[in-house]
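This report concerns only the one structure given below.
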Amino acid sequence: MNKGRTDGTERPEVETWILRLRDRPGALERVLSLLRRRRVGLEGLSFAKAGEDRLDVELHVGVTVVQRERIQVELAGLADVEAAEGEEPVGLRRLDSFNENEGTNDGT
Amino acid sequence: MNDRPTNGAEWICDSLVEEGVRILFGHPGGAILPFYDALHGRPELRHVLVRHEQAAAHAADGYARATGNVGVCLATSGPGATNLVTGLATAAMDSVPLVALTGQVPTNVMGTDAFQEVDVLGLTIPVTKHGFLVESFEDIPDVMREAFRVARSGRPGPVLVDLPKNVQAAAVPAYWRNRPASVPPSENGTRPAPTDPRLYEVLGQAAELLDNALRPVIMVGRGVVASETSECVRALAEAHRLPVITTLLGLDAFSRNHPLSLGMPGMHGTARANRAIQEADLILGFGLRFDDRVTGPVASFAPAAQIVLFEVDPAVVGRTVKPDLAVVGDLRTTLPAFRGRTRSRAHRGEEWWGRLRTWSRDPSSTVFDAAGEGSPFGGLEDQPPTGREAARALARQIEGAGGQVSTDVGQHQMWMAQELKEGAPATHFTSGGLGTMGYALPAAIGAAFGRADRATWAVAGDGGFQMTLQEMATVVQEDLPVRIVVVNNGYLGMVRQWQELFFEGRYSASRLSGPDMSAVARAYGIPARTVTRRDELTSALRWADAATGPVFLEIRVVNEENVYPLVPPGARLDEMVEEPIPPAPEPATLP
């Protein structure tokens, strides 16, 4: 059987994730630290203030299919990643259509 | 209304009291002095002065593990704060709820490389669940509430609160102090209820898997101890006659004297546990994270099994072993709900149990029994005990009196893990994830304060003990009845073992020339004895157990001895090496 075991050989693909953070000391660093600790390749990063005490962060990350869900869950569990309004307890959006529309899924 | 003049530090004390804190472990210094000044007038907050900040974190950790409450440690800025890092990492790896308060230089000089300034918030990001820098006194109550909530919630962990000196010293107007906090108070130990809308559907699937399994096993981790669901696991196992495997941090979740117990899995686990994992067709994992010391190479772990993981932290799911089914939620909710959905299978499993019984449940049968009748040492009573014999005698003494024990890291840790059998909840504390040498003594200090009704033991090797032995001063100052035991083999024993087995016997930097340990203990004012012969062991342990204050016992054991069973690095669990015929014991010689 042995189905679904992680073997670390999956090929990473670049995706774009967007986070809204509470803009407090260490918030952005904690996100980046998590990505580094979990060996997620960071291909690009941009951020901008979103109001007085919020920060919108756009991450271009190289992740495997196996990594993706787990890292997103872990990101969403960080105290400064803000819960989105509505039912989803996660302040993380994965822009499935972003790569197709913007053509940025080439690792550049 | 409270109109008493106050400052930020006193407000922090108020917050601690509100969160149910009664004891803090720390070491003062310049940047935390306003807080210590406020503490001076707060008898309801007991402060324990440690001799090194690492010990403050470990003591808070031991207190938290023993009580289930949040442990609190504090340190000054700069080196005080950096000394906490190992303790915070230890707690993070083992899911222990801590709040660490650190002094910081005043905000007007932050960023100037001021005296004793260090970016402790940045330093601790990878080893904490969260961190706060309090930049204004107005934020104190909300930050403190959030810190405790984060530390306790979900998978517990350490939280850092960095407190600039001017924030501690700031005068707090009465109107500020009496305004309602925007963060609701947390309750000790509460966790959010599971929110997965598919939870009950998943539980039904898990129950169906169990109903259909022919070779099921339960694996229990620290999550069961932390959630206080040991009884629920036992009831489930007994109802279905399910074999139970307990990881290093789950040893105190299920008695290994129970007929359903298979023992500990992994690198130094029992043959029965490891072979059961490799032949199982279903593994029910409760509150564990499938550490690499448990699984061996992930690709070869439990090749025939479907795996169902019950875990509070969704981020743990799939980090190493990817389960076939994950039940994400608090075990206090999910385990009873799961049990209610299963059908009795007690009549099944005979074939599986017949197979399980062909493998040894004991780690070693080649041990002289120090507590045995007659002449248990076969004429070798004047020889030094082996490390395993010492561990077996210790385990019997500790568990026989309902005690609690912290162990350090290395060979003695594994022997104690193998020999402790009773599994009384929250009685065994060890650094399982980080493997922190120097943990045992300060953690025992915290545990002794947390559970004064239990006899507290700290068991360390001669290597680890020397990393935090200065805490004997803390034990004496507090007159704590901690029984300190050093299992002394004159080596960094596990390093030496690996060098013997995997580096062709090249003992590089693993030989220790220690001091006379008992003499050191006496210098601190602790009554001490040294055991050098097998026949001294039992009486020495009884002497230690009867003590009403701190005592110290050095047990000089055989110098070169290996921990078995052993799964060699890179090998499958079922490729474990069981104990070879032991060599004749040699006299202990200390360099």
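The values are calculated or read from the model by the stated rules, or taken from the named source; none is laboratory data. A quick note: this is a predicted structure, and the numbers were derived from the prediction, not measured. So basically every Cβ, Gly included, is an ideal-geometry build from the backbone, and we count neighbours across all protein chains shown. These area figures cover heavy atoms from the full protein model, side chains too; ligands, DNA and RNA do not enter into them. Shrake-Rupley method; radii C 1.70, N 1.55, O 1.52, S 1.80 Å.
What the table below lists for this structure:
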{"read-out": "Flag for B:Arg155 being crowded, with 19+ Cβ neighbours inside 10 Å, over 17 Å from the mean Cα position of the chain (by Cα) and more than 19 Å from B:Pro28 (Cβ to Cβ)", "value": "no"}
{"read-out": "Matching residues in segment B:136-153 - criterion: being touching a residue at least 40 places away in the same chain (Cβ under 8 Å) and more than 10 Å from chain A (Cβ to nearest Cβ)", "value": "B:Phe137, B:Ile140, B:Pro141, B:Asp142, B:Met144, B:Arg145, B:Phe148, B:Ala151, B:Arg152"}
{"read-out": "Residues satisfying the stated conditions in segment B:350-366, i.e. surrounded by fewer than 19 Cβ atoms within 10 Å (Cβ to Cβ) and at pLDDT below 90", "value": "B:Glu350, B:Trp359, B:Ser360, B:Arg361, B:Asp362, B:Ser365, B:Thr366"}
{"read-out": "Strands (runs of 3 or more DSSP E) lying entirely in segment A:29-98 (those with 1 or more residues that are under 17 Å from A:Glu13 (Cβ atoms) and at pLDDT 90 or above)", "value": "A:41-49, A:54-63"}
{"read-out": "Subset of segment B:324-342 that is under 18 Å from B:Val217 (Cβ atoms) and not in a helix (DSSP H, G or I) - its residue that is modelled with the lowest pLDDT", "value": "B:Thr342"}
{"read-out": "Filtered residue count, segment B:490-514, keeping only those that are open to solvent by 10 Å² or more (accessible area, probe 1.4 Å) and either in contact with a Pro (Cβ under 6 Å, 6 or more places away or on another chain) or assigned to a loop (DSSP other than H, G, I, E, B) (or both)", "value": "11"}
{"read-out": "The lone exception for B:Arg234 - which of (1) closer than 16 Å to B:Trp353 by Cβ; (2) assigned to a helix (DSSP H, G or I) it fails", "value": "(1)"}
{"read-out": "Residue ranges of strands (runs of 3 or more DSSP E) in segment B:19-89 with at least 2 members open to solvent by 10 Å² or more (accessible area, probe 1.4 Å)", "value": "B:46-49"}
{"read-out": "Selection count where residues are under 27 Å from B:Ala443 (Cβ atoms) and assigned to a loop (DSSP other than H, G, I, E, B), scope segment B:117-147", "value": "4"}
{"read-out": "Segment A:52-64, residues that are more than 12 Å from the chain's Cα centre (by Cα) and within 14 Å of chain B (Cβ to nearest Cβ)", "value": "A:Asp53, A:Thr64"}
{"read-out": "Among (1) more than 10 Å from every other protein chain (Cβ to nearest Cβ); (2) out of contact with any Phe, Trp or Tyr (no Cβ under 9 Å at 6 or more places or on another chain); (3) open to solvent by 50 Å² or more (accessible area, probe 1.4 Å) - the single one B:Arg341 does not satisfy", "value": "(2)"}
{"read-out": "Total residues in segment B:299-323, condition open to solvent by 20 Å² or more (accessible area, probe 1.4 Å) and in contact with a Phe, Trp or Tyr (Cβ under 8 Å, 6 or more places away or on another chain)", "value": "2"}
{"read-out": "Among residues of segment A:14-51, those that are away from chain B (no Cβ under 13 Å) and either open to solvent by 40 Å² or more (accessible area, probe 1.4 Å) or of a type in the set (Gly, Ala, Ser) (or both), counted", "value": "12"}
{"read-out": "Residue count, segment B:516-543 (criterion: open to solvent by less than 10 Å² (accessible area, probe 1.4 Å) and in a helix (DSSP H, G or I))", "value": "7"}
{"read-out": "Search result, residues across segment B:313-329 that are among the small types (Gly, Ala, Ser) and more than 7 Å from every other protein chain (Cβ to nearest Cβ)", "value": "B:Ala326, B:Gly329"}
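For (1) buried (at least 24 other Cβ atoms within 10 Å of the Cβ); (2) within 14 Å of chain A (Cβ to nearest Cβ), each residue gets a yes or a no:
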site	(1), (2)
B:Leu248	yes, no
B:Ala273	yes, no
B:Ile283	yes, yes
B:Gly287	yes, no
B:Thr295	no, yes
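One line per residue, one yes/no per condition, for (1) surrounded by 23 or more Cβ atoms within 10 Å (Cβ to Cβ); (2) farther than 17 Å from A:Arg24 by Cβ:
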| residue | (1), (2) |
| --- | --- |
| B:Thr107 | no, no |
| B:Gly111 | no, no |
| B:Gln116 | no, yes |
| B:Val120 | yes, no |
| B:Ile125 | no, no |
| B:Gly131 | yes, no |
| B:Val134 | yes, no |
| B:Glu138 | no, no |
| B:Arg145 | no, no |
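Matching residues to (1) in contact with a Phe, Trp or Tyr (Cβ under 9 Å, 6 or more places away or on another chain); (2) among the acidic types (Asp, Glu); (3) open to solvent by less than 10 Å² (accessible area, probe 1.4 Å):
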site	(1), (2), (3)
B:Pro197	no, no, no
B:Leu203	yes, no, yes
B:Ala207	yes, no, yes
B:Leu214	yes, no, no
B:Gly221	yes, no, yes
B:Val225	no, no, no
B:Glu228	no, yes, no
B:Glu231	no, yes, no
B:Ala237	yes, no, yes
